[in-house]
Every structure is written in structure tokens, then in C-alpha cells.
Amino acid sequence: MEYRRMGKTGLQLSVLSFGSWVTFARQTDDQQNDRLMSLAYDAGINFFDNAEVYSNGLSEEMMGRILKQKDWDRSSYVVSSKAFFGWKGADKKPNQHGLSRKHLTEACHEALTRLQVEYLDLYYCHRPDKNVPVEEVVRTMNTLIQQGKILYWGTSEWSAAEIVEAHAAAGRLGLEAPAVEQPEYNLFNRQKMEADYLTIFKNLGMGTTIWSPLASGLLTGKYNNGIPEDSRLALEGYGWLKDRALAQDKLNRVEELGKLAVQLGVSLPTLAIAWCVRNPNVTTAILGATKESQLLENLKALEVLPLLTPEVLTQINDIMQTKPFVSEY
Ligand code: NDP
């Protein structure tokens, strides 16, 4: 396993990490989660990602049970949570979501209880909240750090301008600024990581924990000939994801990319994940998996990295046609 510093912080994250969105509680049970997390940990993965909204709190509870059972040295792993969406589903009341001091603080306490840990290593604002002054967010996160309840705070899917604003507020107030952003990044979605955020990497030293490196599984090629019954896009309630993912032009590009993977003698998921972590601004790519076989395969992505020569990267760009105009990669 390779470890990278999270931006300009001292924290080191495994370049491949493991998250529980959709999977825990919805697709996998405690036994399976134990096998997946153990496999990840034994392979050197040291970061486990979670959020209050994942299965409305159940995902944190499940991960907490595994962490408790395993009794891994607390200093050997990093665990996160995120607040914004709330975990009460459609019944949520006004202060049970968003980035107010009240919700950020309560969601942190709830995450600590569910995950059965004394502190969160990373705590994210899961989305920006236009209704809360950025100073309130910065002050709250700084207080949680001072209280020892979280070690670093981050943003997820904030615009570059919003991140700059948070850093400016933290600078003015002499408080902790966000150290990490969690954006989507994969071969279909490159704009933020390769264009919008370039200045925040350079000037603010932000790290990134990128999500959906396989675009929810699309980049494995498993949807090329329909929707497998046991896959994410077959789940009830994920119609929005299906509509977004299964456009014919996307499937055509995945098919072409599959041919390139065959030429290189590697699997398509490993090629797609290696492509993500090849970007030096990626601290870690968060993997999702419902089966051990998937995780075992995806972990081989690091062996594919040396095959990503400038020629191969150009071939990938030509197939995908998703390279942002200003991209350096
Ligand atoms: P991916 O894009 O890698 O999708 C993972 C899913 O693809 C798996 O659950 C599995 O689904 C399928 N899959 C994975 N590997 C293979 C394989 N080798 N062969 C076939 N199918 C495979 O990542 P996720 O979308 O799961 O995101 C990863 C993590 O990122 C999340 O768990 C979460 O922690 C974080 N995240 C953060 C967000 C944010 O807003 N901050 C948003 C979304 C995710 P299946 O078996 O069901 O087909």
C-alpha cells in the first residue's frame, strides 16, 4: 500500500480507502462488513469513510460494531463522518440537518456514539449550506477540534470559491481551516479536480478523499449489457443514479475503455481506479464494494499505475472525451 499526506497536513492516508455508502445496511450485513473491512485493513487500508446520512445512521452503527469487535489499535486507522443531510429521513425537523452549530455539534456527538470511538479523525461538511454564515461553520469545527472530538475538518462538494471563503474566514479569526475536500472524481467527472480546484491545491494545500472512482460501478463494464440483478443500479430508490449513469454514450465509452484494458492486460476497474490515483492531487480514492472479490480486484489498481504512460493517458482521453479544457493531466 502507498500512503500519501493529506494535503499540507501531517496525516497519512492509504491511497486506496474504503467507504460504506449504499452498501452497509442496504446490501451488506455485519458478517460481510467484517470480511470487507478486515480484508481492507489487512491490505494496508487505513481510512474508513462514513456519514450520518448513510442508511440513516445504520451505516455508522455497523462500522462501529466492526471497529469495536476488531479492536484494532485506534492509532492505526482513520475514521470519518459527515454532517449536512441529517439522518431522520423525510421526518427531519429544521435543526436536524444543515451546517448550523447545533446540527454540526449534535451530528458529531451522534457519530461518536454510533461509531463507538472517542474522536473522529476527519469530520466533513457534506455539502455547503448557503443559509449558515461561514464563520459559524469555521468556529464550530474549530471548537470541535479544540474539544478533541475531531482532528481535522473538511468539505465535500464545495465550490472552490466556497473553500477559499472558509479559509479566508479561518485566517481572519485565527482558527482551523478545512484541510480536505471530498469531491466526486472519476473518468466521467473531472472538472473540479483537474480545473476548478487547481488554485486551492496550490495556494491552500488541501488534500482530497475522492469518491465514486468507478462512477457507482459503471466503469467496471458491468452495466454494458443491462443491469445485473445484484448490483447497485438494480436497487429500489436509486432511479436517479440509474438515469444519470446509464446514458448510451457513456456505456459506449466504457466499452471502448474495456478494449484498451484488454490490450494492456488489466481489468477495467483496476484501470479506472489507477487512473484516479495517478493524479497527485488525490490523497486517497475511496473504494466501495459489496463483495470481497470486488475489493480484492480493485486493490490491484496500484499494480496498474506504472502502465499509465503518457501514450496510454492520451488514448484514455481520446476515448472518454471528458478532459477539462485547462487540465494539466
Ligand atoms: P465506486 O464508484 O467505486 O462504486 C462502488 C460499487 O461498484 C460497489 O459497491 C459495487 O456495487 C461496484 N463494484 C466495485 N468494484 C467492482 C468490481 N471490481 N466489479 C464489479 N462491480 C464492482 O464507489 P462508491 O460510489 O461506492 O463510493 C465510494 C465511497 O465514497 C462511498 O462508500 C462513500 O464513502 C464515498 N462517497 C461520498 C460521497 C460524498 O458526497 N461525499 C458520495 C458518494 C460516495 P454493486 O456490487 O452493487 O454493483
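Some observations on this one:
- Taken over segment 230-253, residues that are in a helix (DSSP H, G or I) and either charged (D, E, K, R) or surrounded by fewer than 14 Cβ atoms within 10 Å (Cβ to Cβ) (or both) amount to 12.
- Of all residues in segment 254-285, those that are open to solvent by 10 Å² or more (accessible area, probe 1.4 Å) and not in a helix (DSSP H, G or I) total 6.
- Only a single criterion out of (1) in contact with a Leu (Cβ under 7 Å, 6 or more places away or on another chain); (2) within 12 Å of the ligand (Cβ to nearest atom); (3) closer than 24 Å to W153 by Cβ; (4) not hydroxyl-bearing (S, T, Y) is not satisfied by L67, namely (2).
- Selection count where residues are assigned to a helix (DSSP H, G or I) and either within 26 Å of Q12 (Cβ to Cβ) or under 18 Å from the mean Cα position of the chain (by Cα) (or both), scope segment 66-103: 8
- Taking first residues from segment 36-58 that are more than 28 Å from R127 (Cα to Cα) and partners that are more than 11 Å from the ligand (Cβ to nearest atom) and open to solvent by less than 10 Å² (accessible area, probe 1.4 Å), the Cβ contacts under 9 Å between residues at least 6 apart in sequence or on separate chains come to S38/I66; L39/I45; A43/S14; G44/S14.
- Filter pass, Y119 being hydroxyl-bearing (S, T, Y), away from the ligand (no atom under 16 Å from the Cβ) and closer than 21 Å to F18 by Cα: yes
- Among the residues of segment 152-180, those identified as crowded, with 17+ Cβ neighbours inside 10 Å and either at pLDDT below 95 or touching an Asp or Glu at 6+ places or on another chain (Cβ under 8 Å) (or both) are Y152, W153, G154, T155, S156, E157, W158, A160, I163, A169, A170.
- Of all residues in segment 171-190, those that are touching a residue at least 40 places away in the same chain (Cβ under 8 Å) have Cβ atoms under 7 Å from Cβ atoms of residues that are open to solvent by 40 Å² or more (accessible area, probe 1.4 Å), 6 or more apart or on another chain, in A179/Y152; V180/Y152; Q182/W211; F188/K250; R190/K323.
- For P280, the conditions (1) in contact (Cβ under 8 Å) with a residue 12 or more places away in the chain; (2) closer than 23 Å to F47 by Cα all hold with the exception of (1).
- For D318: the one exception among (1) without any contact (Cβ under 8 Å) to a residue 60 or more places away in the chain; (2) closer than 15 Å to L214 by Cβ; (3) more than 16 Å from the ligand (Cβ to nearest atom): (2)
- Of all residues making up segment 5-42, the number that are open to solvent by 40 Å² or more (accessible area, probe 1.4 Å) and not in a helix (DSSP H, G or I): 9
- Complete set of residues in segment 201-215 that are buried (at least 21 other Cβ atoms within 10 Å of the Cβ) and either in a loop (DSSP other than H, G, I, E, B) or at pLDDT below 95 (or both): M206, S212, P213, L214
- Matching residues, segment 286-329, being in a helix (DSSP H, G or I) and among the acidic types (D, E): E292, E297, E303, E311, D318
- Segment 116-133, subset over 18 Å from the mean Cα position of the chain (by Cα) and within 17 Å of V79 (Cα to Cα), residue surrounded by the fewest Cβ atoms within 10 Å (Cβ to Cβ): E118
- Lone qualifier among F85, F47 - being within 14 Å of the ligand (Cβ to nearest atom) and either out of contact with any Leu (no Cβ under 8 Å at 6 or more places or on another chain) or open to solvent by 20 Å² or more (accessible area, probe 1.4 Å) (or both): F85
- Condition check for L257: away from the ligand (no atom under 13 Å from the Cβ) and closer than 16 Å to N189 by Cα: yes
The values are calculated or read from the model by the stated rules, or taken from the named source; none is laboratory data. Here the structure is a predicted model, which is why all the values come from computation and not from measurement. We place every Cβ from the backbone using ideal geometry, glycine too, and count neighbours over all the protein chains shown. With ligands, DNA and RNA removed, areas are computed over all heavy atoms of the protein, side chains included. Shrake-Rupley method; radii C 1.70, N 1.55, O 1.52, S 1.80 Å.
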